[in-house]
Structures are given as structure tokens and as C-alpha cells.
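Novice: Here's a structure for you.
The values are calculated or read from the model by the stated rules, or taken from the named source; none is laboratory data. Keep in mind that this is a model prediction, so the values were computed, not measured. We place every Cβ from the backbone using ideal geometry, glycine too, and count neighbours over all the protein chains shown. Note: accessible area is taken over every heavy atom of the protein model, side chains too, but ligands, DNA and RNA are not part of it. Shrake-Rupley method; radii C 1.70, N 1.55, O 1.52, S 1.80 Å.
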Amino acid sequence: MVFLGGPGTGKGTQAKRLSDRFGFVALSSGHLLRIEVDAGSDLGREAEPYLKSGALVPDVVITGVMLSAIEKLSGEQGIILDGFPRTVPQATALDAGLATAGRPIDAAIDFQMEDGLIVRRITGRRSCNRCGATYNIDFLPPKATEICDVCSERLIQRADDREDVVVARLATYRAQTAPLVTYYSDRGLLHTVDASVAADDVTAAIVGVVEMLDRSE
Ligand code: AMP
């Protein structure tokens, strides 16, 4: 499954929930890139300026990262792609890579939310650098203040979750990623969820899609 939707619409939170429930593997392109940036690898040094400014890293770079991450997984495991593809060239490269691996995309879920709420959600977001879990100080607080429920790491505010960068990320999303809604709709794969409701209700909507796909297999 591919998770589409603007920054801060809850894709990462839902990818984790769906993975826990169905045993899928969630691959977050942003999380994989942040690991490389933190490690100071060649890839991380190349990607860092893009992450800082809210621009997209070049297609060829992220496509290589994601296709090799997919290749390492067994063909039996269901995969959620969170944050990839983000452009039409990435989507066509993904289709080609998956065709080679004989693994079709079953669904693309579009997380819909209006921009004002996105800004409020992202600026309240706190993230765990170790395991990638995300929280929100207003909407989804951790059990202990600023501490990750999963691995007890101290939570941080991502540098690109500041309001000025969020506005740039939203503009990038509208210009480069939103066309993927049509791309997947044209292929009969698009499912839209209202991402502004409570996280449990968003989960229920996506679970409904997964169960429907299971029934039609
Ligand atoms: P995210 O955690 O998904 O919000 O991604 C954080 C940042 O990583 C983005 O603002 C981009 O700079 C970069 N990034 C993540 N996924 C992609 C992608 N599919 N294509 C290009 N850049 C990406």
C-alpha cells in the first residue's frame, strides 16, 4: 500500500498502527533519510539541505533508497510505503521496480486534511529519533511528557517541523505530490480517508480498505 497525503496528516502514525495489526512492514522514506543524515553518511550529507528547506531530494536518490529497502524484504511481507512515491517519476520508477519483483500495489490511501489543521498538527508534533514514532502535544500526547512510549527515548521537534519550513513543505506537496492522486485514481487504486478525525477513526477507515481488499482477493 502507498500512503499519500500532505506532511503531518498522520501517515506515519497510521503506518505503525496498520503494521502492528496486520504484520505489514512500514517503510518511511523521511525516516530512512533522517537516519542517514544523523549518521553523516554520503547519502545523508547529500539529502540534508533538501530536508532542511522542505524541498524534495532528487528522484533518483530516493528511488534507489526505497527500491533497495523493498528488495531486502521477503516477498511474503505486506509493505506500507509512507512518504514514497512523492512525484510522478518516482511513481513510475516504483511501478517498474515492483513489476520486476512481481509485487503489485493493492491500494493508495490519500490522507485528506486542510492546510490550517496541517500547520497546527505539525508544529505540535514530537518525534522519536530512535524508533520513528510520532506524537502530538495536543492530539496524541505520549504517556510521559516528551518521552517515547515505545523506546523511552527523549522526544524531539524535527527541525523541518517549524512553521516556516512547514509552509514550504506544503507548497512542495501541492506542486509535486498532489498529482499522484490522479495517477493512482486513473489506475483504480485510490482510496480517500478524512485524516482530520480522531486517529482511531482514521485507522478504522484504513482497516476497512484492507479488509475489503482481502475479501476481493
Ligand atoms: P517526511 O518525514 O515524509 O515528512 O519527509 C521529510 C523530508 O524528507 C521531506 O521534506 C523531503 O525533503 C525528504 N523526503 C522524504 N520522502 C521523500 C521522497 N519520496 N522524495 C523526495 N524527498 C523525500
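Novice: Of all the residues that make up region 71-93, how many are touching a residue at least 60 places away in the same chain (Cβ under 8 Å) and part of a helix (DSSP H, G or I)?
Specialist: So the answer is 2.
Novice: Got a number for residues in region 58-67 being over 15 Å from the mean Cα position of the chain (by Cα) and within 10 Å of the ligand (Cβ to nearest atom)?
Specialist: Qualifying residue count for the region: 3.
Novice: From the set of residues in region 1-52 that are surrounded by fewer than 16 Cβ atoms within 10 Å (Cβ to Cβ) and outside any helix (DSSP H, G or I), which is farthest from the ligand (Cβ to nearest atom)?
Specialist: G23
Novice: What are the residue pairs meeting all of these: first residue in region 20-40, first residue aliphatic (A, V, I, L, M), second residue open to solvent by 50 Å² or more (accessible area, probe 1.4 Å), Cβ atoms under 6 Å, and 6 or more apart or on different chains?
Specialist: V25/Q77; V37/E48
Novice: Strands (runs of 3 or more DSSP E) wholly in region 121-199 with at least 1 residues that are open to solvent by less than 30 Å² (accessible area, probe 1.4 Å) and in contact with a Lys or Arg (Cβ under 8 Å, 6 or more places away or on another chain) - which ones? Talk me through it step by step, then tell me what you get.
Specialist: Details: elements: 125-127, 134-136, 190-194.
It comes to 125-127, 134-136.
Novice: Residues F84, F139: which one is among the aromatic types (F, W, Y) and more than 14 Å from the ligand (Cβ to nearest atom)?
Specialist: F139
Novice: Of the numbered conditions (1) farther than 25 Å from V202 by Cβ; (2) more than 13 Å from the ligand (Cβ to nearest atom); (3) open to solvent by less than 20 Å² (accessible area, probe 1.4 Å); (4) of a type outside the set (S, T, Y), E71 satisfies every one except a single condition; which is it?
Specialist: (3)
Novice: Pairs, please: C-beta under 8 Å, at least 6 apart or cross-chain, first residue open to solvent by less than 40 Å² (accessible area, probe 1.4 Å) and in region 54-67, second aliphatic (A, V, I, L, M) and not in a helix (DSSP H, G or I)?
Specialist: Taking only residues 6 or more apart or on different chains, the pairs are I62/L56; M66/L27; M66/L81.
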